[in-house]
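Undergrad: Structure in structure tokens, see below.
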Amino acid sequence: MSQQMGSQPLGVLSDESQRASGEDAREMNLSAAKAVAEAVRTTLGPLGMDKMLVDSMGEVVVTNDGVTLLSEMDIDHPAADMVVEVAQTQEEEVGDGTTSAVVLAGELLGGVEDLLDRGVHPTSIVQGYAQAAAEAQNVLEEMAIDIDADDREYLKRIAETAITGKGAEQAKEHIAEMVVNAVQAATREDGTVDLDLINTTTFTGGRIADSRFVDGALVDRSPVHESMPTELEDANVLIYGGALELSELNTDAEANIHDPSQLEDFIKRDESELDSMVQTVIDSGADVLLTDGAIEDRLQGKLAEAGIMAMRRAPDDERALLARATGANRVSDLDNLSEEDLGYAGHVKQEKIRVYGGSRNAATERTTVFSDVAGGESASFILRGGTEHVLDELERAIEDSLNVVSAAIEDGKVVPGGGAPEMELALHLRDFADGVEGREQLAVEAFAEAVEVIPRTLAENAGHDPIDALVDLRATHDAGNTSDGLDANTGEVVDMTEDGVVEPLRVKTQAVESATEAASMLLRIDDIIAAGDLSTGGDDEEEGGPGGAPGGMGGMGGAM
Ligand code: ADP
Ligand code: MG
């Protein structure tokens, strides 16, 4: 490596690569990143608007969810991508607050531009922002309220806050109730929540309010014989990984073979052996039988006579799910069947659900619902909504809501919403700035200014005067009313905890952390070297960045 990186064009770069340095690079990055933040700003809060995204294939997504929006937008600017990552990190770490995190990142970058104009060195800004962010974490911790993980009413409020403003809001109390039930079902003894236990099945048609939560599992099967029961109480569940038929008749057995235990099916059986297998099932006390393979007609009749609800050809994942839910062992050899292998469900019911296809022709889907189960390793949502789009947005709202409730249970700490924590931060950080030496002080002040973007945007999106709202909010926080925020509907300042608008502490701490990181990272970059054309979209396309943003990095050539 003989060549030093410097302001001279690098001889080592190929002709196609492009480079921007110093202020040019920074300016390009800042404006692209800010444009992304600007694009999601109008969706923030309970009265935020939705966005409709149409991809090149004509697929439509309607959403209010920050991370979904940004992931669906066709963003191909490296700096803009870093802002999208803020949303993704927020989604992974907390599952809510994605719009807030991105809007905050955008505003921090706006602050950066001002500071640079005033001659503050990027390093001082990075350091000032870091100090402000660290202090912000303290302030947030301090204002957090401890909650009791068993306090259902409180948990419901947290769930509702996350749903507010989403398409599913009409049924928010009902959804919040379901979500709290689901999270409680998925809470382990040690207090952690395993959201992976929660399954969701959607059925187009009906109303959102018809959606249900079942502490159990759904199996997409029906009893094989018409005289079998379609509803059972106190049911023992047997899950068998084989078939009940003569194997040479099983023409597609070859395609079905998954594990060595199923080899058994290949061994030629005679009828008497099958009869004794069925007798074993009956004698075991099983009320429900779920098999991997087929069940011969004659044997279906025998099982029906014994009052057994038998379902066949259940795929591996379905058998695994039902085993976890009911506490059953998956049996591959009926000869060694023991009582412990059976699972239990207090209620089993075959349901017929009216659905509408794309053509809006009504159809009926059958599914069997196992509830009041013994294994407890499964919980299920049955979601209804008029159209696919409604269901998609409902699923996203439920996901956000599940995430916040579980974060609140795990951490046991919440903060008021409606811009309260951000206003509290702004006030504290302004004080804190007085004690900060040097140019960093200006950066801390800029940070304090930037966090106010949340209450300001909440007011704007609700159609209220943002300046009045901020003045009122500042005054009341100045007077020590920590949990005052903006009532989205009236624009009035109210106590958010009394109003029941609360969010997990983690939503806020994570947003501050990732927004600060992204802003600092972008700020440290003084050189962009791209292997190829840096201008997004190319010459032949008008389409710029998101929200009519400056379409990428035009003018790069001059820097080379
Ligand atoms: P995010 O993706 O950041 O969660 P949202 O659109 O869900 O974006 O908006 C979250 C913001 O809306 C938070 O600041 C939250 O406190 C606020 N909010 C939610 N419900 C209310 C309400 N009823 N009144 C005032 N603010 C609310
Ligand atoms: Mg939210």
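Undergrad: Mind giving me the nanometre distance, one decimal, between the label points for Asp190 and Asp270, set 7 Å out from Cα along Cα→Cβ?
TA: For Asp190 paired with Asp270, the spin-label model returns 5.5 nm.
Undergrad: Related question: For the chain, which whole percent of the accessible surface, found with a 1.4 angstrom probe, sits on carbon and sulfur atoms? Each step should come with its number before you reach the end.
TA: Working: 10980 of 25110 Å².
Solvent-exposed carbon and sulfur of the chain make up 44 percent of the total.
Undergrad: Is the shape of region 183-229 rounded, prolate or oblate, going by the alpha carbon gyration tensor and its root eigenvalues a ≥ b ≥ c, with a/c under 1.5 for rounded and a/b larger than b/c for prolate? Numbers along the way, then the final one.
TA: Working: a/c = 3.20, a/b = 1.59, b/c = 2.02.
Cα axes put region 183-229 in the oblate bin.
Undergrad: Follow-up question, since we're still on this one. Considering only protein heavy atoms, what is the solvent-accessible area of Glu365 at a probe of 1.4 Å, reported in Å² to the nearest 10?
TA: Result for Glu365: roughly 80 Å² accessible.
Undergrad: Starting from the Cα-Cα distance between Val60 and Glu141, subtract it from 0.36 nm times their residue separation and give me the gain in nm to one decimal. Provide the component values of the computation, followed by the final result.
TA: Numbers: separation 81, 0.36 × 81 = 29.16 nm, distance 4.04 nm.
Difference between extended and current length: 25.1 nm.
Undergrad: With axes computed from alpha carbons, what is the tilt in degrees of helix 172-185 against the longest principal axis of the chain, rounded to the nearest 10 within 0 to 90?
TA: The helix 172-185 is inclined about 70 degrees to the chain.
Undergrad: Here is a follow-up. Highest mean first, what order results for 149-162, 458-471 on Cβ atoms within 10 Å? Could the numbers behind the result be given before it?
TA: Working: 149-162: 20.9, 458-471: 17.5.
Sorting 149-162, 458-471 by mean packing, highest first, produces 149-162, 458-471.
Undergrad: Leaving out ligands and nucleic acids, note down the accessible area per residue over the chain with a 1.4 angstrom probe, in whole Å².
TA: Details: 25110 Å² over 560 residues.
Accessible area per residue, the chain: 45 Å².
Undergrad: Tally the DSSP beta bridges in the chain and give the antiparallel ones as a percent, rounded to 5.
TA: On the way: 42 of 59 bridges.
Antiparallel: roughly 70 percent of the beta bridges in the chain.
Undergrad: Once every DSSP H run of n ≥ 4 in the chain is given -39500 (n - 2.57) and the sum is divided by its residues, what mean residue ellipticity at 222 nm do you get, rounded to the nearest 500 deg cm²/dmol?
TA: Values: 18 runs with 245 residues, N = 560.
Calculated mean residue ellipticity at 222 nm is -14000 deg cm²/dmol.
Undergrad: Need one number: nm distance between label points at Asp150 and Asp74, each 7 Å from Cα along Cα→Cβ, rounded to one decimal.
TA: About 5.5 nm separates the two model spin labels.
Undergrad: Let me ask something additional. With a/c under 1.5 counting as rounded, go ahead and sort region 130-211 into rounded, prolate or oblate using the C-alpha gyration tensor (a ≥ b ≥ c being the square roots of the eigenvalues; past the cut-off, prolate if a/b is larger than b/c, else oblate).
TA: Values: a/c = 2.29, a/b = 1.67, b/c = 1.37.
Verdict is prolate for region 130-211.
Undergrad: Sticking with this structure for a sec: Label Ile467 and Asp333 with points 7 Å out from Cα along Cα→Cβ: what is the distance between them in nm?
TA: 8.3
Undergrad: I need the shape label for the chain. Rule: rounded when a/c is under 1.5, else prolate if a/b > b/c, else oblate, with a, b, c from the alpha carbon gyration tensor. It would help to have the intermediate numbers written out before the result.
TA: On the way: a/c = 2.65, a/b = 1.85, b/c = 1.44.
It comes out prolate by the Cα gyration axes.
Undergrad: Keeping every protein chain in place, order Glu91, Glu445 by accessible area at 1.4 Å, biggest value first, i.e. largest first. Each step should come with its number before you reach the end.
TA: Numbers: Glu91 45, Glu445 70 Å².
Heavy-atom accessible area, descending, gives Glu445, Glu91.
The values are calculated or read from the model by the stated rules, or taken from the named source; none is laboratory data. These figures come from a predicted structure and were not determined experimentally. Virtual Cβ from ideal backbone geometry, glycine too; neighbours counted across all protein chains shown. These accessible areas exclude ligands, DNA and RNA; they are computed on the full protein's heavy atoms, side chains included. Shrake-Rupley method; radii C 1.70, N 1.55, O 1.52, S 1.80 Å.
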